[in-house]
Ligand code: RM4
Ligand code: MN
Ligand code: MN
């Protein structure tokens, strides 16, 4: 993208925006300030149950994962934090990891516990963890979460994300009410161990890996449990954790209305928990979600700062770093577009029952090409004008392969 072309596009857009009463500089600052965490499991190749194909040069340890996130931060200026998954990424040397992150100006976002796999712990999670009928298995799972909190405290994290695979594959396998009760009680024990300035982010997911029933299948169940924990427990929305065609923006609005939205896991999906790149399948939905987020914060349903942001995608066929660059760009674009919505006009349309007018307002914002605005925000923050182009031109993956090897494999799913 030649510089003068960028400048021309930006000034044309500024002109359009000021005609709509919008201040370009204000928008640039907003876009530049919006930072999204990257999880430690996103830097390697993802896979499916049918296989996993290495991409070469995958990070071999947590330090190298931090280096990759540091690079993303430097190029895009859209991420400043890592979200660790325990036990995939237990820091061996805490001081070293803290120093490395500090050098790269990376914070530690919410910690993720893992009781959906066996990794050498004494009792198996095959039939569930926090919901297990066996009290000693529930205890082991609670203790794992408490340990994750301890690690997070050392690193300066302020949140614990819990995603449970618990459920059953066949009718009759589980006592549905008891499983819910045990899960709630286990989470109450975990919540009791949460530092006062931490929050608990509780995920939900309708199915997979269990296919008959899942203990926390939807946002409502998650919210019911959070209510029984305390006000620092809130619902985490992972975009892929819905049945097809669910109105996710409505869920966001409802949760914000109750001050119950903990945060987001960004990805996109066609069918289920596909973990595809954010904005690659349903960009209009992503925009509508941001409209609710921005409006909910503006109207003080819930503060913007109380919401956590993370990408949770799987990179099966793309270079993870390229995919993350694309995702960060899509998220910034959706956010930028949502800032352009003419709220006054929309409210007016709603009051007057002007259905056509309301749609025009939203589409006017959505169809605006904001790429130069997002680019300018990145340039002004010291990032690259075109991070993807830079990444390819500088042959970063090739250099990673030389340094880390062709067959290195990052820890993760
Ligand atoms: C789950 C869920 C969790 C993530 C795991 C790897 O489906 O999205 O957030 O930790 O995948
Ligand atoms: Mn998730
Ligand atoms: Mn998921």
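Please treat every number below as a calculation from the coordinates, not as lab data. Because the structure is predicted, anything quoted here is derived from the model rather than measured. Every residue, glycine as well, gets a Cβ built from its backbone with ideal geometry; the counts of neighbours run over all protein chains shown.
For this structure, a couple of remarks:
- Contact order relative to length of region 1-113, as percent, for alpha carbon pairs under 8 angstrom and 6 or more apart: 25
- Length-normalised contact order of the chain in % [C-alpha pairs under 8 Å, at least 6 apart]: 22
- Here the label points at residue 303 and residue 92, each 7 Å from Cα along the C-beta direction, are separated by 4.0 nm in the simple model.
- Mean-position separation - Cα centroids, region 190-237 and region 365-413, in angstrom: 33
- Where N is the number of residues in region 39-78, Cα Rg divided by 2.2 N^0.38 Å: 1.29
- For the chain, adding -39500 (n - 2.57) for each run of n ≥ 4 DSSP H residues and dividing by the number of residues yields -15000 deg cm²/dmol at 222 nm.
- Given their separation in residues at 0.36 nm each and the Cα-Cα distance between them, residue 189 and residue 49 gain 47.1 nm when the chain is fully extended.
- Over region 211-353: Rg over Rh, Cα atoms, Kirkwood Rh: 0.98
- Calculated FRET efficiency for the pair residue 12/residue 344, C-beta based, R₀ 30 Å, to 0.05: 0.80
- Normalised convex hull volume, region 54-175, alpha-carbon set, Å³ per residue: 141
- Ranking of 211, 108 by count of other Cβ atoms within 10 Å, fewest first: 211, 108
- Arranged from fewest to most other beta-carbon atoms within 10 Å of their beta carbon, 393, 232 become 393, 232.
- With Cα atoms as the point set, the radius of gyration and Dmax of region 175-246 evaluate to 12.6, 38 Å.
- Taking the C-alpha atoms only, the angle from helix 176-192 to the longest principal axis of the chain is near 80 degrees.
- Taking a point 7 Å from the Cα of residue 133 along the Cα-to-Cβ direction, the residues of region 157-172 with backbone N closer than 13 Å to it are 168-172.
- Kirkwood-Stokes translational diffusion coefficient of region 1-51, alpha-carbon pairs, 37 °C, 0.692 mPa s, µm²/s: 225
- Crossing angle, helix 343-352 versus the chain [Cα axis fit, 0-90 degrees, rounded to tens]: 80
- Put a dot 7 Å past the Cα of residue 389, heading toward its Cβ, do the same for residue 369, and the two dots end up 1.4 nm apart.
- In the elastic network of the chain, a GNM with C-alpha springs shorter than 10 Å, the most mobile of 94, 72, 187 is 94.
- GNM result for the chain, Cα springs below 10 Å: residue of 188, 250, 302 fluctuating most strongly: 250
- Part-to-part distance (alpha-carbon centres) for region 83-152 and region 1-44, which is given in Å: 36
- Kirkwood estimate for the chain, i.e. one over the average of 1/r between Cα atoms, Å: 22.3
- With viscosity 1.002 mPa s and temperature 20 °C, the Kirkwood radius over alpha carbon pairs of region 1-102 converts through Stokes-Einstein to a diffusion coefficient of 127 µm²/s.
- 0 to 90° range, to nearest 10: angle between helix 371-380 axis and the chain longest Cα axis: 80
- Burial ordering of 371, 392, fewest other beta-carbon atoms within 10 Å first: 392, 371
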